[in-house]
Amino acid sequence: MSMQAFLVANPKGGAGKSTLATNLAGYLARRGHRVMLGDIDRQQSAREWLALRPASLPRIDTWEIGPDHIARPPAGTSHVVLDTPAGLHGKALEKVLKLSTRVIVPVQPALFDMLATRHFLEALRELKAIRKGRAQVAVIGMRVDARTRAAAELERFFASFELPVLAYLRDTQNYVQASAQGLTLFDLPPSRWERDRQQWQPILDWVETGGGGLMQTGLAPAGGLNHN
């Protein structure tokens with residue numbers, strides 16, 4: 001099986017990239033894969049998180065990588081997750097896309113986040129790796145409260161793109177408390193994050209199945225927003 005590489009990217013800072021990247025890596029490690037978490041962000045949030053991770057948990061490794069040094073991960077790696085900096089664009093974006101088979105774009109329900117993401121998605125689809133189908137793109141709503149007007153605006157924003165919307169993830173302290181200990185949701189007792197597990201399931205299905213069908217059909221948002 002060829003290496004699967006997930007690029008988590010959005011030009012806006014604070015979009016939830018590191019949260020998404022670390023939790024995805026945690027899920028893949030728990031599935032028994034040889035996982036590498038690459039941190040291209042100069043803030044090195046993902047690398048610092050790895051330093052906190054208890055040795056007793058499923059292993060996640062890293063390798064020397066940075067904005068100006070886009071090196072391939074070590075041989076034998078089965079899955080790679082790349083955490084990226086704000087403002088990633090141009091040649092740097094093209095370089096990391098060469099390593100990637102999937103691109104996940106997290107977006108928060110705020111005007112400036114949506115504006116920045118619109119420009120990013122428009123630029124992304126013009127790149128050769130995307131046009132040729134070598135990398136697939138999907139989006140995820142982050143820190144979404146379905147009861148708000150902002151959530152409805154985000155849903156309308158997503159509907160304007162022919163991309164799979166994998167999930168809408170709520171704003172919860174579970175992510176904050178887990179990351180402070182080098183953990184992910186998948187390392188917590190199931191009873192603590194049942195609601196979050198349900199929200200993550202469409203993401204995990206896409207990760208496991210390859211996402212090809214979703215990309216070809218341009219499906220409506222997976223699961224949608226529950227406005228009750």
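The values are calculated or read from the model by the stated rules, or taken from the named source; none is laboratory data. The model shown is predicted, which means the values in this text are computed figures rather than measured ones. Neighbour counts are summed over all protein chains in view; Cβ atoms, including those assigned to glycine, are modelled from backbone coordinates with ideal geometry.
Per-residue answers, yes or no, for (1) of a type outside the set (D, E, K, R); (2) under 21 Å from P74 (Cα atoms):
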| residue | (1), (2) |
| --- | --- |
| S2 | yes, yes |
| L7 | yes, yes |
| G13 | yes, no |
| S18 | yes, no |
| A21 | yes, yes |
| A25 | yes, yes |
| R30 | no, yes |
| Q44 | yes, yes |
| R47 | no, yes |
Residue hits (the range 16-54; touching a helix residue (DSSP H, G or I) at 6+ places or on another chain (Cβ under 6 Å) and over 20 Å from R197 (Cα atoms)) are V35, L37, D39, S45, A46, W49
Original post:
Does E155 count as out of contact with any Asp or Glu (no Cβ under 7 Å at 6 or more places or on another chain) and in a helix (DSSP H, G or I)?
Top reply: yes
Check: Would you call A110 among the small types (G, A, S), at pLDDT 85 or above and in contact with a Leu (Cβ under 9 Å, 6 or more places away or on another chain)?
Finding: yes
The number of residues in the range 169-194 that are in contact (Cβ under 8 Å) with a residue 40 or more places away in the chain and of a type in the set (D, E, K, R) is 1
The range 14-131: helices (runs of 4 or more DSSP H) wholly inside it with 2 or more residues that are over 17 Å from the mean Cα position of the chain (by Cα) are 45-52, 90-97, 111-124, 128-131
